[in-house]
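The values are calculated or read from the model by the stated rules, or taken from the named source; none is laboratory data. Given the structure is predicted, the values throughout are model-derived calculations rather than measurements. Note that we place each Cβ from the backbone using ideal geometry, even for glycine, and neighbour counts take in every protein chain shown. In case anyone asks, the SASA skips ligands and DNA or RNA and just uses the protein heavy atoms, side chains included. Shrake-Rupley method; radii C 1.70, N 1.55, O 1.52, S 1.80 Å.
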Amino acid sequence: MRRAFPDVIQTTAGGYLAAVEPDNVDLHRFRGLVARAEAADDPAEAVVLWDKALGCWRGNPFSGTGSEHLWYAVSQPLLEERWAARTAWAQCAFSLHRYSEIITRLTPLVREDPLRERLQYYLIAALYRSGQRAAALTAFQETREYLAEELGVDPSPEVMELHQQILRDTESGPGRLAGAIDLSRVAEPVASPPAADPAERPRDFVPRNDLPRDIPDFTGRERDLERLLALGKRDEGRAEIAVITGPGGAGKTTLAVHGAHRLAECFPDGQLFIDLYGYTVEQDPITAVSALGSLLRAIGVQPDTIPESVEERAALWRASLAGRRVLIVLDNAANFAQISPLLAAAPGSLTIVTSRQDLPGVSGAQYIALGMLSPESSLRLFSTVLGEDRVAHEEAEAREVVRLCGGLPLALRIVAGRMLSRPRWTFQHVKLRLGEHQRMFRELRIDGQSVEAVFELSYQSLNDEQREAFLHLGVMIGGTVDLHGAAALLDRDPPEADDLLQELVSVCLFDEPSVDVYRFHDLLGAYAREKAATDLPEGEAAAARRRLADHYLDMANRAADMLGPRGHHFEVDSQKSSRYQSRLANRTEATTWFERHQDNLASAVDFYAASGLDDEAWQLADSSAWGSRTACRAASSTRWACSTRRATSSRPSTTSAARRGCTPA
C-alpha cells in the first residue's frame, strides 16, 4: 500500500492512517455541499447543491463487511444523513414546482423505506399538484395500510390533513399544507387551482414530458432506430403508429424511450409514457379504462369530468388530442384489446407501442420486430459500457460471452453491469461462470433484473395448451424442428400443431426463421429445457423425444430411397412409422430435406444410441449417411461416422455395413 500510495499511508498509535485531502473523500465532499445548500438563499441554487451532495453517494457504506459494530456505529448514522439530504432536496424541488422529478425520484425511495413519512408527504403532494389525484390517493392508501399493518398507527397529522384536502379538492389558505412540515420556502399551496368552468375544460390541455430517463449508452439498434425516427418525422397528415415487438429482454422499451427522446422536439404538445404492465411480476395488466383515466388526467382533464365507460373516455381522449402534435408511448402492452381505445387519432401524432405479442390487429402500423443483437453489436455494447481496451484485451473471450448470452440485450447488460461493478472480473472468468449450466440463470440476475424472470412471465401468460406445447418443444432433438416434426413431438395432427406453433411465435417464445421451420433462442431453449425437466410428467419427455426420433427415422428412410439404390435396404416397422410424415415428391425435395435436418438427424442417432435402441440407431445412421452423399458437407459427415460408431458398437453383424454406408462422400 505504501509503495502504491507514497506519503499517504502513515503509522499512528492505533494502527494505520490514510492521510488524504478532505476533497478526495466522498463523505467530506458530501458534508461540505450539504452545508453550502443549507446556507443558500436561492432555492434554485440550493437544489443544485443538494443534487451534487447526493451524487457523492454510491451504494451503502461498509456493505459486505458483516460487522454489526460498523453498521450501528457508523453506517446507520451516515445513511440517516443521506435520508435527511433527500428530504431537503424534495423540499427545494417542491418549492420550484418540479413535481415530475419529485415523483420519479421519490417513488422508489418510499418503496425502499415506507416509514419515511416526510418523503411520503412530498410524493403524495407532488402527485396531486401534477394533476394525478387518483395516484395521490392510491399512494396515501398504500402508506396508511403499511403503517397500520407494521406499527398499528395512522399516518402523521400532516399526511392525514393533506389527504383530506385532496378529497375535498378545494384550495386551502396560502402555505397551509406546506407549513404543516415547516416548508419555509414554499409559498404556494399544495391544493389544485379552482375548477374551471365546464365549458372551458376541454381547452385545459397541459403539455408535459413523462418519458423515463434515456440511457446514455444506447447501442446496437441503429437500423431500427432510423426506422422509428423516420416514422416520427414523416408528415403525411395522419396519426402514425409504431409497434415494437420482440421477446422479453430484447430492448423494446429502451428503443421506444430512446427514440421518443430523439423525437421530442417534433411533438411540442407533449410526450406521454404509460406502462400497461402486460408482463410484470405481481401486477395485473392495466385495463383500458384505467389507462385512459391516467392519460386524460395527464393532459389536464379535470378528474370529475372524466366519464366512466371506456367508450366515452376513448372519445374524450381523441377529442382532447385533436389538432395537437403529441407522442405517446404505450409500454408493455398485453394485447390488442388493451391498446385499441388508447391509440391517438389526431393527424401529426405518434403512438409507440411495445409488446411481446405481435399485435396484428393494429392497422396501418409500422412494425419493428427486434431479434437478438449481432456479435459485432454485442461487442460494441460491451465496449461502450466497459471501455474499448477491456474488450480488445480479451476479444476472443468476450465473443464467447456474447455467444453464451445469445445476443439477448438484457443478458448482455446484466453481464456488463456486473463487470462494471467488479473491475477485476475478466471475460474469461465470466465465460466460466456462464458455462456452468446449473448457474447460468443465477449469473444473469442483478438488481431486480433477471433473464429467467422475464421468461417466466411470458410462460405464465400462456394458456394450458400453449404451456404443454412449450414444454414438449423444450425437449426436442436438435436445434430446429419443422411442422411435421413438431406434430410428432406434440402428438397432434399437423393443423393443430401449426396453430400452437404460431401462437408461441406470436408471443415471441419461439422463432420461425423460415416457413414451417422453428427454433428457440439459445437462452429460451435453456429455460424451456429446465421447465420441461420439472413440469412434464415422468416419462413424457422421453416419450416425446422417441416420437420425434421415429419420425426422423421414417422420413430419412423414405428420403434416402428417393436418392437411388442403396447398398442394403430395410423397412421401418410399420408400428414405428410416423403418422406425421410430410410428402417428398422428387429427388430435389429429398435432398433439401436432408440438408435441412442433417444436424437433427445426427442428434437423433445419438438419442437412439444412448437409449439402447441399436436397430433404430444404425438404420437412421445408414439412411442419413446415404443422404449425406448428396446433401451433407464433409464436416457433418464426420459426425455421422462418429454417431454411427457409437450406435453400432454393440451390433457386430451390422457394424461394417453401417460404417460402409456412413463413409464421408
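So is Glu436 under 21 Å from Ala334 (Cα atoms) and among the charged types (D, E, K, R) or not?
Working: under 21 Å from Ala334 (Cα atoms): no; among the charged types (D, E, K, R): yes.
Taking the combined requirement at face value, the residue does not satisfy it.
Listed residues Val74, Val110, Val20; which is open to solvent by less than 60 Å² (accessible area, probe 1.4 Å), at pLDDT 85 or above and hydrophobic (A, V, I, L, M, F, W, C)?
Details: Val74 fails: at pLDDT 85 or above; Val20 fails: open to solvent by less than 60 Å² (accessible area, probe 1.4 Å).
Checking each option against the conditions leaves just Val110.
State whether the residues of region 139-149 include one that is of a type in the set (A, V, I, L, M), open to solvent by less than 60 Å² (accessible area, probe 1.4 Å) and either part of a loop (DSSP other than H, G, I, E, B) or closer than 18 Å to Cys92 by Cα (or both).
So in region 139-149, the residues of a type in the set (A, V, I, L, M) come out as 139, 147-148.
With open to solvent by less than 60 Å² (accessible area, probe 1.4 Å) added as a condition, the list becomes 139, 147-148.
After this cut, where a residue has to be either part of a loop (DSSP other than H, G, I, E, B) or closer than 18 Å to Cys92 by Cα (or both) as well, the list is none.
No; the residues of region 139-149 include none that is of a type in the set (A, V, I, L, M), open to solvent by less than 60 Å² (accessible area, probe 1.4 Å) and either part of a loop (DSSP other than H, G, I, E, B) or closer than 18 Å to Cys92 by Cα (or both).
Is it true that some residue in region 281-299 is free of Cβ contacts under 8 Å to residues at least 40 places away in the same chain, part of a loop (DSSP other than H, G, I, E, B) and within 25 Å of Ser458 (Cβ to Cβ)?
Yes, some residue in region 281-299 is free of Cβ contacts under 8 Å to residues at least 40 places away in the same chain, part of a loop (DSSP other than H, G, I, E, B) and within 25 Å of Ser458 (Cβ to Cβ).
Met476 versus (1) closer than 30 Å to Gln283 by Cα; (2) surrounded by 23 or more Cβ atoms within 10 Å (Cβ to Cβ): which is the lone unmet condition?
Among (1) closer than 30 Å to Gln283 by Cα; (2) surrounded by 23 or more Cβ atoms within 10 Å (Cβ to Cβ), the lone unmet condition for Met476 is (1).
Taking into account only those residues within region 511-539 that are open to solvent by 50 Å² or more (accessible area, probe 1.4 Å) and within 30 Å of Leu584 (Cβ to Cβ), which is modelled with the highest pLDDT?
For region 511-539, the residue satisfying everything is Arg519.
Taking the condition of being open to solvent by 40 Å² or more (accessible area, probe 1.4 Å) and modelled with pLDDT of 85 or more, how many residues in region 276-285 meet it?
Quick first cut of region 276-285, residues open to solvent by 40 Å² or more (accessible area, probe 1.4 Å) only: 277, 280-285.
In the following step, the residues that additionally are modelled with pLDDT of 85 or more were identified as 277, 285.
Adding up the residues that qualify gives 2.
Is it the case, given these coordinates, that Ala344 is surrounded by 20 or more Cβ atoms within 10 Å (Cβ to Cβ), among the small types (Gly, Ala, Ser), modelled with pLDDT of 85 or more and assigned to a loop (DSSP other than H, G, I, E, B)? So that I can check it myself, show each step before the final result.
Working: surrounded by 20 or more Cβ atoms within 10 Å (Cβ to Cβ): yes; among the small types (Gly, Ala, Ser): yes; modelled with pLDDT of 85 or more: yes; assigned to a loop (DSSP other than H, G, I, E, B): yes.
Here the answer is yes, as Ala344 does meet what is asked.
With the condition being modelled with pLDDT under 85, I'd like the helices (runs of 4 or more DSSP H) fully within region 417-461 carrying at least 3 qualifying residues.
Result: 440-443, 451-460.
Name every residue in region 351-389 that is acidic (Asp, Glu) and in contact (Cβ under 8 Å) with a residue 40 or more places away in the chain, in order of residue number. Talk me through it step by step, then tell me what you get.
If we filter region 351-389 for residues that are acidic (Asp, Glu), which is where we start, we get 358, 376, 388-389.
Matches in region 351-389: Asp358 only.
Quick one: how many residues across region 225-253 are at negative phi and either touching a helix residue (DSSP H, G or I) at 6+ places or on another chain (Cβ under 8 Å) or open to solvent by less than 10 Å² (accessible area, probe 1.4 Å) (or both)?
14
If Leu373 satisfies every condition in (1) over 22 Å from the mean Cα position of the chain (by Cα); (2) open to solvent by less than 30 Å² (accessible area, probe 1.4 Å) but one, which is the exception?
Only one criterion is unmet by Leu373, namely (1).
For Asp269, indicate whether it is in contact (Cβ under 8 Å) with a residue 24 or more places away in the chain, closer than 24 Å to Val206 by Cβ, among the acidic types (Asp, Glu) and open to solvent by 50 Å² or more (accessible area, probe 1.4 Å). Before you say what the answer is, go through the steps one by one.
Values: in contact (Cβ under 8 Å) with a residue 24 or more places away in the chain: yes; closer than 24 Å to Val206 by Cβ: yes; among the acidic types (Asp, Glu): yes; open to solvent by 50 Å² or more (accessible area, probe 1.4 Å): no.
For Asp269, the condition - in contact (Cβ under 8 Å) with a residue 24 or more places away in the chain, closer than 24 Å to Val206 by Cβ, among the acidic types (Asp, Glu) and open to solvent by 50 Å² or more (accessible area, probe 1.4 Å) - is not met.
Check region 346-358 and report whether any residue there is among the acidic types (Asp, Glu), out of contact with any Cys (no Cβ under 8 Å at 6 or more places or on another chain) and under 30 Å from Thr219 (Cα atoms).
So the first thing to find is which residues in region 346-358 are among the acidic types (Asp, Glu), and the list is 358.
Of the ones still in play, those that are also out of contact with any Cys (no Cβ under 8 Å at 6 or more places or on another chain) are none.
Within region 346-358, not a single residue is among the acidic types (Asp, Glu), out of contact with any Cys (no Cβ under 8 Å at 6 or more places or on another chain) and under 30 Å from Thr219 (Cα atoms).
Okay, residues lined up against (1) open to solvent by 60 Å² or more (accessible area, probe 1.4 Å); (2) closer than 24 Å to Val454 by Cα; (3) part of a strand (DSSP E or B):
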{"site": "Glu308", "(1), (2), (3)": "yes, no, no"}
{"site": "Ala319", "(1), (2), (3)": "yes, no, no"}
{"site": "Arg325", "(1), (2), (3)": "yes, no, no"}
{"site": "Val353", "(1), (2), (3)": "no, yes, yes"}
{"site": "Gly361", "(1), (2), (3)": "no, no, no"}
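Return only the number of the condition from (1) under 24 Å from Phe94 (Cβ atoms); (2) among the aliphatic types (A, V, I, L, M); (3) over 35 Å from the mean Cα position of the chain (by Cα); (4) open to solvent by 50 Å² or more (accessible area, probe 1.4 Å) that Ala13 does not satisfy.
(1)
Going by the structure shown, is Ser383 part of a helix (DSSP H, G or I) and of a type in the set (S, T, N, Q)? So that I can check it myself, show each step before the final result.
Working: part of a helix (DSSP H, G or I): yes; of a type in the set (S, T, N, Q): yes.
Yes.
Scan region 417-440 residue by residue and report those that are within 23 Å of Gly246 (Cβ to Cβ) and crowded, with 20+ Cβ neighbours inside 10 Å.
Leu434, Met440
For region 592-615, which positions are surrounded by fewer than 24 Cβ atoms within 10 Å (Cβ to Cβ), touching a helix residue (DSSP H, G or I) at 6+ places or on another chain (Cβ under 7 Å) and within 9 Å of Ala549 (Cβ to Cβ)?
Phe607
Would region 239-256 turn up any residue that is of a type outside the set (Ser, Thr, Tyr), over 30 Å from Phe520 (Cβ atoms) and in a loop (DSSP other than H, G, I, E, B)?
Yes.
Being open to solvent by less than 40 Å² (accessible area, probe 1.4 Å) and among the polar types (S, T, N, Q) is the filter here, so list the residues in region 114-138 that pass it.
The answer is Gln120, Ser130.
Here are Arg583, Arg558: which of them is open to solvent by 20 Å² or more (accessible area, probe 1.4 Å), at pLDDT 70 or above and not in a loop (DSSP other than H, G, I, E, B)? It would help to see each step written out before you state the result.
On the way: Arg583 fails: not in a loop (DSSP other than H, G, I, E, B).
Exactly one of Arg583, Arg558 is open to solvent by 20 Å² or more (accessible area, probe 1.4 Å), at pLDDT 70 or above and not in a loop (DSSP other than H, G, I, E, B), namely Arg558.
Of all residues being closer than 19 Å to Gly371 by Cβ and more than 21 Å from the chain's Cα centre (by Cα) in region 482-510, which is most open to solvent (accessible area, probe 1.4 Å)? Just the residue, please.
Gln502
Out of the residues in region 88-115 meeting the condition of being acidic (Asp, Glu) and farther than 16 Å from Val47 by Cα, tell me which one is farthest from the chain's Cα centre (by Cα). Steps first, please.
Pass one, region 88-115, residues acidic (Asp, Glu): 101, 112-113.
Narrowing the set further to residues that are farther than 16 Å from Val47 by Cα leaves 112-113.
Numbers: Glu112: 22, Asp113: 26 Å.
Applying the filter and picking the extreme gives Asp113.
Would you check which residues across region 410-465 are among the β-branched types (Val, Ile, Thr) and over 19 Å from the mean Cα position of the chain (by Cα) and list them? Can you show your working first?
Looking only at region 410-465, we keep the residues that are among the β-branched types (Val, Ile, Thr), and these are 414-415, 426, 430, 446, 451, 454.
Thr426, Val430, listed by residue number.
Counting only residues that are among the charged types (D, E, K, R) and loosely packed, with under 10 Cβ neighbours inside 10 Å, which one in region 52-71 is farthest from Leu27 (Cα to Cα)? Can you show your working first?
Taking region 52-71 first, the residues among the charged types (D, E, K, R) are 52, 58, 68.
Filter once more, so that each one left must be loosely packed, with under 10 Cβ neighbours inside 10 Å: 58, 68.
On the way: Arg58: 11, Glu68: 21 Å.
Restricting to residues being among the charged types (D, E, K, R) and loosely packed, with under 10 Cβ neighbours inside 10 Å, the top hit is Glu68.
For region 153-162, state whether one or more residues are more than 32 Å from the chain's Cα centre (by Cα), without any contact (Cβ under 8 Å) to a residue 12 or more places away in the chain, surrounded by fewer than 15 Cβ atoms within 10 Å (Cβ to Cβ) and in a helix (DSSP H, G or I). Step through it out loud before you land on a result.
Narrowing region 153-162 to residues more than 32 Å from the chain's Cα centre (by Cα): 153-162.
With the extra rule that they be without any contact (Cβ under 8 Å) to a residue 12 or more places away in the chain, the set shrinks to 153-154, 160.
Then keep just the ones that are surrounded by fewer than 15 Cβ atoms within 10 Å (Cβ to Cβ); that gives 153-154, 160.
Applying the additional criterion that residues be in a helix (DSSP H, G or I) yields 160.
Scanning region 153-162, I find at least one residue that is more than 32 Å from the chain's Cα centre (by Cα), without any contact (Cβ under 8 Å) to a residue 12 or more places away in the chain, surrounded by fewer than 15 Cβ atoms within 10 Å (Cβ to Cβ) and in a helix (DSSP H, G or I), so the answer is yes.
Conditions: (1) within 16 Å of His521 (Cβ to Cβ); (2) open to solvent by less than 50 Å² (accessible area, probe 1.4 Å). Glu452 meets all but one. Number of the miss?
Failed condition: (2).
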